Amino acid sequence: MTPAAGRPSPPVATLLGRCCTLRCLAQLHARIVRLGLHNHHALLARFTAACDSLASPSVADSFLSALPSHAVPPSCLRACSRVPCKPTGSALHAAAIRLGLDADLFVRTALIQFYGSCSSAGASRMLFDSMVIPSEVSWTAIIMVYVDCGDIVSAREIFDRMPHRNVVHWNAMVGGYVKCGDLESARRLFEEMPQRTAAAHTSLIGGYAKAGNMQVAKMLFDKLHDRDVFSWSAMISGYAQNGYPGEALRVFKEFREKGICPDELVIVALMTACSQLGNIMLAKWIEGYITTYSIDMNNAHVLAGLINMNAKCGNMERATVLFESMPVRDVFSYCSMMQGHCLHGSANKAVELFTRMLLEGLSPDNAVFTVVLTACNHAGLVEEGKRYFAMMKNEYLIMPSGDHYACLVSLLGRSGMVRDAYELIKSMPGKPHPGSWGALLRGCILQGDIELGKVAAKKLFEIEPDNAGNYVTLSNIYANIDRWADVSEVRAEMTGKGLTKIAGRTVVL
DNA sequence: GTAGGGTTAG
């Protein structure tokens, strides 16, 4: 019995299922060819599935000539769409034409998706238009191509001229409106649906949640009876995203009572809520919960969430273990770690991490600079603070925001350099920033610079006329040096404007 | 053998 005619050698087939690196895939490919199994259908299906899961256009490319089969182009094209890799995808297209496979429905649909993924909606459309009878999936593909490139009008035109629409088409169109932020149209189309699916329902919930409208999101959720893990996670993350961690937790509790198996996204949403609460017991419980349900801890979102949650909840040891275990650290994980150190009084460690991040060749973004400047401020590192501020502007070409300025002003002010801080504020472009003037005022109080403090306070009265706290702060400055006449004057001005100090709020000097 | 919904950090 020749190998090609016989059953595939079990080891190869089994190994393909387990294959998780390109190197392994290449070795298996060599073995397939050596054993003459490259025309074996079942084996090819496994091979292309492995190509698919590894999203490897280069593998697809190099194996193309050796594997002329119907099964290859669609899965390889999917790999090219995911990256996306236009040269290889186009080469596959050419090969498909050469092999006479380009009219195949699966190949054609994969090509429509591929050109869409590399922003060539026009090419997708030409391929679609030349189809005699597009499959249902081809219709979805062309709608999604237009949705993804933001051309909702063309998507709708296609949708309207469809001879037959199935639920997936409706879902895609409703989801398209949600994606482009047109909730009105999404809602209208949703109401027109012959069957309102959980998928369309969940799209809408996500859209309203993203727009910050949790009332409508909740109303839609209450109406949805066949809730699945998607709809629950949309609600939990909606509440968490909008700063209602308590509500998020409440919904999660309800979710648990239903006995539905959580997935990575539910966990990510839950961790967002926990980070806001800073509840270390809850954080520990969540990690246990993750293990119970075999959630993928190596999932980038899960890992980032875990690091962030532990850092925010004060478990820096755990956060550090997770951070160091990452095969490749990114800007986000660095940012979470730096923030955690900053929050828990180890500003110097945050600054150390920043320098390590630069050594690793990562490019800090504006959020990272906010954290590192905050850290310098906490630790009183004047020289470093000035240096990073200049680095941000000159090396990374990031325009400093009001918050960046406020950090540096605060740092200078607290270190006795109130006049420098004042010069810095005066050099700020744009509208006067209350945070920076407030930081200057606090610096003046610390340094006992009454004259400059008055300037800062006056400026704050101007830009925040309704903020009673500024008046209180200025009157406290006078009170500290026994200038009671000035205290009464400021108080009188404040009450004259109808402002009263908010009960329970104290300004810590 | 293909398609549609929910994704973290400031």
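The values are calculated or read from the model by the stated rules, or taken from the named source; none is laboratory data. Everything numeric here is computed off the predicted structure, so don't read it as measured data. Every residue, glycine as well, gets a Cβ built from its backbone with ideal geometry; the counts of neighbours run over all protein chains shown. These accessible areas exclude ligands, DNA and RNA; they are computed on the full protein's heavy atoms, side chains included. Shrake-Rupley method; radii C 1.70, N 1.55, O 1.52, S 1.80 Å.
Just checking, how many residues over the stretch A:169-209 are closer than 17 Å to A:ALA234 by Cβ, more than 8 Å from DNA strand B (Cβ to nearest atom) and not in a helix (DSSP H, G or I)? The qualifying residues number 2.
Which residue is nearest to A:ALA103 (Cα to Cα), if the candidates are limited to the stretch A:159-184 and must be open to solvent by less than 30 Å² (accessible area, probe 1.4 Å) and without any contact (Cβ under 8 Å) to a residue 24 or more places away in the chain? Out of the qualifying residues, it is A:MET162. Within the stretch A:448-457, the only residue that satisfies the criterion of being closer than 16 Å to A:SER415 by Cβ, at pLDDT 90 or above and either open to solvent by 60 Å² or more (accessible area, probe 1.4 Å) or not charged (D, E, K, R) (or both) is A:LEU452. When you check A:SER120 against the structure, is it under 29 Å from A:PRO73 (Cα atoms), surrounded by 15 or more Cβ atoms within 10 Å (Cβ to Cβ), free of Cβ contacts under 8 Å to residues at least 60 places away in the same chain and away from DNA strand B (no atom under 12 Å from the Cβ), yes or no? Considered against the rule, which asks whether it is under 29 Å from A:PRO73 (Cα atoms), surrounded by 15 or more Cβ atoms within 10 Å (Cβ to Cβ), free of Cβ contacts under 8 Å to residues at least 60 places away in the same chain and away from DNA strand B (no atom under 12 Å from the Cβ), A:SER120 comes out as yes.
Of the helices (runs of 4 or more DSSP H) that lie entirely inside the stretch A:361-433, those containing 1 or more residues that are within 23 Å of A:ASN470 (Cα to Cα) span A:366-379, A:402-414, A:418-426. The residues of the stretch A:363-379 that are farther than 11 Å from A:VAL351 by Cβ and more than 8 Å from DNA strand B (Cβ to nearest atom), listed by number, are A:SER363, A:PRO364, A:PHE369. The set of residues in the stretch A:262-280 that are in a loop (DSSP other than H, G, I, E, B) and more than 10 Å from DNA strand B (Cβ to nearest atom) comprises A:GLY278, A:ASN279.
Exactly one condition in (1) closer than 23 Å to A:GLY246 by Cβ; (2) touching a Phe, Trp or Tyr at 6+ places or on another chain (Cβ under 8 Å); (3) of a type outside the set (Gly, Ala, Ser) is not met by A:MET338; state its number. Among (1) closer than 23 Å to A:GLY246 by Cβ; (2) touching a Phe, Trp or Tyr at 6+ places or on another chain (Cβ under 8 Å); (3) of a type outside the set (Gly, Ala, Ser), the lone unmet condition for A:MET338 is (1).
For the stretch A:257-278, a residue qualifies if it is in contact with a Phe, Trp or Tyr (Cβ under 9 Å, 6 or more places away or on another chain), of a type outside the set (A, V, I, L, M, F, W, C) and more than 23 Å from A:TYR208 (Cα to Cα), and exactly one does: A:LYS258. In the condition set (1) among the small types (Gly, Ala, Ser); (2) loosely packed, with under 15 Cβ neighbours inside 10 Å; (3) more than 23 Å from A:TRP437 (Cα to Cα), A:ALA350 is compliant with all but (2).
Residues checked against (1) at pLDDT below 95; (2) of a type in the set (Phe, Trp, Tyr); (3) assigned to a helix (DSSP H, G or I):
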{"position": "A:THR48", "(1), (2), (3)": "yes, no, yes"}
{"position": "A:ALA60", "(1), (2), (3)": "yes, no, yes"}
{"position": "A:PRO68", "(1), (2), (3)": "yes, no, no"}
{"position": "A:PRO74", "(1), (2), (3)": "yes, no, yes"}
{"position": "A:SER81", "(1), (2), (3)": "yes, no, yes"}
{"position": "A:SER90", "(1), (2), (3)": "yes, no, yes"}
{"position": "A:ALA103", "(1), (2), (3)": "yes, no, no"}
{"position": "A:PHE128", "(1), (2), (3)": "no, yes, yes"}
{"position": "A:VAL137", "(1), (2), (3)": "no, no, yes"}
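Of the residues that sit in the stretch A:361-378 and are more than 19 Å from A:LEU424 (Cβ to Cβ) and surrounded by fewer than 20 Cβ atoms within 10 Å (Cβ to Cβ), which one is farthest from the chain's Cα centre (by Cα)? Here the residue is A:GLY361. Going residue by residue through the stretch A:405-420, is there one that turns out to be over 30 Å from A:SER475 (Cβ atoms), within 16 Å of DNA strand B (Cβ to nearest atom) and among the polar types (S, T, N, Q)? No, the stretch A:405-420 contains no residue that is over 30 Å from A:SER475 (Cβ atoms), within 16 Å of DNA strand B (Cβ to nearest atom) and among the polar types (S, T, N, Q). Among the residues of the stretch A:382-391, is any modelled with pLDDT of 95 or more, hydrophobic (A, V, I, L, M, F, W, C) and closer than 28 Å to A:ASN480 by Cα? Looking through the stretch A:382-391, at least one residue is modelled with pLDDT of 95 or more, hydrophobic (A, V, I, L, M, F, W, C) and closer than 28 Å to A:ASN480 by Cα. On the stretch given as the stretch A:304-347, residues that are among the hydroxyl-bearing types (Ser, Thr, Tyr), more than 14 Å from DNA strand B (Cβ to nearest atom) and in a helix (DSSP H, G or I) total 2. Number of residues in the stretch A:130-168 that are of a type in the set (Ser, Thr, Tyr) and near DNA strand B (Cβ under 9 Å from one of its atoms): the value is 3.
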